[in-house]
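**Q** Quick one: this structure, given as structure tokens, is what I'll be asking you about.
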Amino acid sequence: KINLKINNIPVQAEPGSTILQAARAAGIQIPTLCYLKDVNKTGACRVCTVEIKGAKSLGAACVYPVSEGMEVFTNSQRALEARKHTVELILSNHCGDCLSCIRNQNCELQKLAQQLGIRKVRYEGEKTPPTFDEVAPGIVRDTSKCVLCGRCIETCKKVQGLGILSFINRGFNTKVAPVFDKSFNDVNCMQCGQCVNACPVGALFEKEDIHRVIEALNDPAQHVVVQTAPAVRAALGEEFGLPIGTRVTGKMAAALRRIGFDRVYDTNYAADLTIMEEGHEFIERVQHQGVLPMITSCSPGWIRYCEFEYPDLLEHLSSCKSPHMMFGAILKSYYAQTHNLDPRKITVVSIMPCTAKKAEVVRPEMRKDGVADVDVVLTTRELGRLIKMYGINFENLPDEDFDQDMFGQYSGAGVIFGASGGVMEAALRTVKETLENKPLDSLDFTVVRGMEGVKTAELEVAGMQVKVAVASSMSCAKPLLDEIRAGTSPYHFIEIMGCPGGCINGGGQPIINASIRNGFRPIDWKKERAKALYDEDALQSVRKSHENPQIIALYDQFLKEPGSPLAHELLHTTYSK
Ligand code: HC0
Ligand code: SF4
């Protein structure tokens, strides 16, 4: 152990740790801006500046290593002045329209300025000419707000292995941008939004579509149906100050009803439908020498990645549309017919933890006769704003059910889709039981649960040794894909999700600020949110997709059987190189 003093308090630290780590372990807060645990550690912003006895200049605590006998002062006059000066310089080149900023009250820069008591910026002057890119369907970049922390750059690189963003230009003209300051739309960006979740300010955010929902709700000619993705219930409460991992399924349904949607359904229902189709497809591929491994296709960020980076592997993708798209297609066909509604007069709104879903709904394959399967996607964050806009007292809402008439029921298998490994587990429950033709001994395939980036398992299914793999984030999926490309993949079935941990950590979920990500006792927010879903699974009376009575009814009355021509027409899709 290394012995040092921080603010005159004796502290012990592991060799090789930084002043910041030593301070945090001792419960001493040093403010940071560019530092993001496990992602970005450059010392570039100098907000974590501290004074070190005997050293000529101040040190950046996030990169400065501890040494024996060191004496550190985090709040000396010199350190405080320097920190304040640094933040003022950032503010001098920052578009300060905080009141109308999407990150107002959730902005790390705003918080720093408050903490440091900055009342006016002493250095007003020229500002770097900004780029405003709102061309892509999922995410928006506004460099007038950018603080050049680099957290987005490193996130895209480390999490997705992509490097869409980098610093371009020099000196005062430095910007964070895709190559040549291009739009996100013109580069191989997945639209996953992981960079958005890493941004401390309002420089990266989701393309907002709230106004489109309000318009539809106020159009008497439109019948507006809403569906909520599995992962939303595990995080929406955070927008209202509830602890991470609070499950708000019932309050969410109640809020949507009060907002005035004509029907309030759960994407979980369609997740069950997806399992029917995808399970059937897998069995077909196994029994008829189809292309294996089959890879899940419900994460649209992953689909974009596959199309951009591994177009030679597209035939491995399941042809199933993602659950909420399947749901849209059923609403605009079967539901429209049974309710005597013109599909053009139905607006389907999906509440998703995901920015890439905004890009998915505008894909040309996701329409029939010019009618989109799903009309609008709102992220979890946008739903939080909509609820606030409508003055709904979320915390005090009663728990209500989804509309039970046709599609309100879902199995526990549908709920766990939102966590990495959930789709695989849901599929295994149905595939194993179908092939073995007897009830499963256990429904919990715990080997595919958990927040590891890659999970693998070998399971016996009807006398076959089935090898499965689960990966979340592209940096974790890449080795599995390279194996397939090389012809050495041992797997039969692979689940891939675009974001680390799955949808519960999607790019549209409530932002987990650096103060939590870097905290003294960092909360694993992914684990907490996933637990909310597994708890809901355990509470369901039906836990297998093929036992959902409303799914059975849909096949009886409309689709006939999994993989039927009608199912193919409505529920399956194609991909393009
Ligand atoms: Fe997901 Fe989905 S589970 S992608 O992770 O499959 O976004 O939550 O809605 O569609 O159901 C996201 C989450 C979904 C879809 C479902 C799938
Ligand atoms: Fe990278 Fe995802 Fe951000 Fe695109 S959306 S720049 S792929 S992190």
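**Q** Please find, within segment 158-190, the residue that is nearest to E208 (Cα to Cα) out of those that are near ligand 2 (Cβ under 8 Å from one of its atoms) and assigned to a helix (DSSP H, G or I).
**A** In this case the residue turns out to be F184.
**Q** May I ask you to verify whether E365 is among the acidic types (D, E), assigned to a helix (DSSP H, G or I), closer than 29 Å to L571 by Cα and assigned by TED's automatic domain parsing to the domain that holds L331?
**A** yes
**Q** Now a separate question. Taking L162 as the residue in question, decide whether it is of a type outside the set (D, E, K, R), at positive phi and more than 16 Å from ligand 1 (Cβ to nearest atom).
**A** Spelling it out, it is not the case that L162 is of a type outside the set (D, E, K, R), at positive phi and more than 16 Å from ligand 1 (Cβ to nearest atom).
**Q** Specify which of the listed residues (I283, I259, I295) is under 26 Å from Y555 (Cβ atoms), more than 20 Å from the chain's Cα centre (by Cα) and hydrophobic (A, V, I, L, M, F, W, C).
**A** The match here is I283.
**Q** Identify the single condition in (1) out of contact with any helix residue (DSSP H, G or I) (no Cβ under 6 Å at 6 or more places or on another chain); (2) away from ligand 1 (no atom under 14 Å from the Cβ); (3) on the phi < 0 side of the Ramachandran plot that I303 does not satisfy, given that it satisfies every other one.
**A** Exception for I303: condition (2).
**Q** Specify which of the listed residues (K531, K577, K467) is more than 15 Å from the chain's Cα centre (by Cα) and outside the structural domain of E436 (by TED's automatic domain parsing).
**A** Answer to the selection: K577.
**Q** Write out, first by first residue and then by second, each pair whose Cβ atoms fall under 9 Å of each other, whose residues are 6+ apart or on separate chains, and whose first residue, in segment 232-245, is among the aromatic types (F, W, Y) while the second is surrounded by 23 or more Cβ atoms within 10 Å (Cβ to Cβ) and at pLDDT 95 or above.
**A** Sorted first by the residue in segment 232-245, then by its partner, the pairs are F240/V248; F240/K251.
Condition check ((1) small (G, A, S); (2) within 16 Å of ligand 2 (Cβ to nearest atom)) across all residues:
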{"site": "G250", "(1), (2)": "yes, no"}
{"site": "L256", "(1), (2)": "no, no"}
{"site": "Y269", "(1), (2)": "no, no"}
{"site": "L273", "(1), (2)": "no, no"}
{"site": "G279", "(1), (2)": "yes, no"}
{"site": "V286", "(1), (2)": "no, no"}
{"site": "P293", "(1), (2)": "no, no"}
{"site": "S297", "(1), (2)": "yes, no"}
{"site": "E307", "(1), (2)": "no, yes"}
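**Q** Let me ask something else about it. I'd like the full set of residues that are surrounded by fewer than 22 Cβ atoms within 10 Å (Cβ to Cβ) and either within 28 Å of A203 (Cβ to Cβ) or under 35 Å from the mean Cα position of the chain (by Cα) (or both), limited to segment 1-17.
**A** Scanning segment 1-17 gives E14, G16, S17.
**Q** From P510, P479, P490, grab the single residue that is part of a helix (DSSP H, G or I), modelled with pLDDT of 95 or more and farther than 22 Å from T274 by Cβ.
**A** The conditions single out P479.
**Q** If you take the residues in segment 117-152 that are part of a loop (DSSP other than H, G, I, E, B) and in contact (Cβ under 8 Å) with a residue 60 or more places away in the chain, which one is nearest to ligand 1 (Cβ to nearest atom)?
**A** Here the residue is G138.
**Q** Within segment 137-189, work out how many residues are surrounded by fewer than 23 Cβ atoms within 10 Å (Cβ to Cβ), of a type in the set (K, R) and at pLDDT 95 or above.
**A** Here the count works out to 4.
**Q** From the list K332, K357, pick out the single residue that is within 16 Å of ligand 2 (Cβ to nearest atom) and not in a strand (DSSP E or B).
**A** So the residue among K332, K357 that is within 16 Å of ligand 2 (Cβ to nearest atom) and not in a strand (DSSP E or B) is K357.
**Q** Taking only pairs six or more apart or across chains, which ones have beta-carbon atoms under 6 Å, a first residue in segment 182-209 that is free of Cβ contacts under 8 Å to residues at least 24 places away in the same chain, and a second residue that is in a loop (DSSP other than H, G, I, E, B) and surrounded by fewer than 24 Cβ atoms within 10 Å (Cβ to Cβ)?
**A** Partner pairs satisfying both residue conditions: V187/I164; V187/P178.
**Q** Of the residues that sit in segment 341-354 and are more than 16 Å from ligand 2 (Cβ to nearest atom) and closer than 23 Å to I551 by Cβ, which one is nearest to the chain's Cα centre (by Cα)?
**A** Here the answer is I351.
The values are calculated or read from the model by the stated rules, or taken from the named source; none is laboratory data. As the structure is a prediction and not an experimental result, all values here were calculated from the model. Neighbour counts run over all protein chains shown; Cβ positions are idealised from the backbone, glycine included.
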